Amino acid sequence: MERRMEIHGPMLRRIAATLLFLLVGASAAVAAGDHAAAASPLRLRLRTRVEPFKGSDRWQEVNFEKDFAPAETALLICDMWDNHWCSGAARRVRPLAQRMAPLVNAARARGILIIHAPSDTMEFYKDYPQRQRALQAPRVAPPPGLGLTSPALPIDDSDEGCDTPGDKVHIAWTRQHAAIPIGEPDVISDSGAEIYSVLQPRGIRNLLIMGVHTNMCVLNRSFAIKQMTNWGMACVLLRDLTDTMYDPKDRPFVSHDEGTELVVQYIEKYWCPTTLSEEILRALR
């Protein structure tokens with residue numbers, strides 16, 4: 001004879017309470033796992049150069065790995081404008097911007113602060129909350145500086161480095177390239193003092209830098225490699241997401257891509273290590 005078990009009110013409540021406990025516990029475990037994944041460090045393979053025998057000017061490539069905590073790291077996009085007075089430079093920027101977009105989104109999702117630094121375009125962004133975030137950050141006085149200096153560049157860019165004849169220097173840009181996404185938690189600024197004031201209270205000491213142009217803005221802007229390194233920030237250049245202003249008709253008379261690589265090696269010698277975007281994407285995954 002089949003027996004049926006009757007479930008009365010008290011038992012129903014106990015079963016419901018147990019199910020709720022299990023569901024809450026499972027949700028908490030998933031959330032904790034997500035949080036742990038977001039907070040786990042990114043191990044990046046970096047490249048630098050050393051001169052084993054000082055004064056020899058013979059440099060050796062060195063690769064090493066370093067961990068970067070997402071909460072202590074920012075990704076800065078330098079001068080990736082919507083247009084450029086040099087048509088050759090503008091043509092090369094477009095595919096760079098498209099390749100940057102997924103990296104920016106992935107880095108933001110892991111808690112890395114994204115800083116958009118399209119110089120000379122702050123009027124365009126004056127009403128953006130990301131711009132106001134930089135303006136409203138309490139000012140933090142930078143340290144005196146490390147006094148670092150470096151030799152002359154390995155390329156001749158004294159004629160502005162444009163490789164498309166006939167182009168004349170003028171301000172052709174109005175905003176950052178539209179292919180690069182700006183997210184709600186991001187910051188927009190072209191001021192080193194503003195950006196430093198945003199970074200320091202957050203405990204950010206690592207700065208991943210991509211953009212253009214390697215031999216000019218990426219090195220020399222107030223928010224760029226030389227200044228931030230002198231202020232004690234640990235900078236890393238994304239060497240496959242940058243480009244130079246270099247004309248092969250000038251010294252050292254190599255191809256445009258070879259000129260860019262020479263500047264990248266110069267940065268590795270005197271300023272900071274470099275890495276590849278695929279390294280960061282791998283670490284973010």
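The values are calculated or read from the model by the stated rules, or taken from the named source; none is laboratory data. Nothing here was measured: the structure is a model prediction, and the numbers come from that model. When we count neighbours, we look across all protein chains shown, and the Cβ atoms used for this are built from the backbone with ideal geometry, even at glycine.
Things worth noting here:
- Evaluating residue 267 against the criteria (1) aliphatic (A, V, I, L, M); (2) farther than 25 Å from residue 73 by Cβ; (3) in contact with a strand residue (DSSP E or B) (Cβ under 8 Å, 6 or more places away or on another chain) leaves one unmet condition, (2).
- Taking first residues from segment 182-210 that are under 20 Å from residue 123 (Cα atoms) and among the hydroxyl-bearing types (Ser, Thr, Tyr) and partners that are at pLDDT 95 or above and buried (at least 21 other Cβ atoms within 10 Å of the Cβ), the Cβ contacts under 6 Å between residues at least 6 apart in sequence or on separate chains come to 189/134; 189/195.
- Segment 62-86 - residue that is in contact (Cβ under 8 Å) with a residue 60 or more places away in the chain and of a type in the set (Asp, Glu) and, of those, surrounded by the fewest Cβ atoms within 10 Å (Cβ to Cβ): 72
- Selection from segment 221-233 of residues that are part of a helix (DSSP H, G or I) and touching a helix residue (DSSP H, G or I) at 6+ places or on another chain (Cβ under 6 Å): 225, 226, 227
Every residue, every condition in (1) touching a helix residue (DSSP H, G or I) at 6+ places or on another chain (Cβ under 9 Å); (2) not in a loop (DSSP other than H, G, I, E, B), yes or no:
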| position | (1), (2) |
| --- | --- |
| 153 | yes, no |
| 158 | no, no |
| 162 | yes, no |
| 165 | no, no |
| 179 | yes, no |
| 183 | yes, no |
| 195 | yes, yes |
| 201 | no, yes |
| 207 | yes, yes |
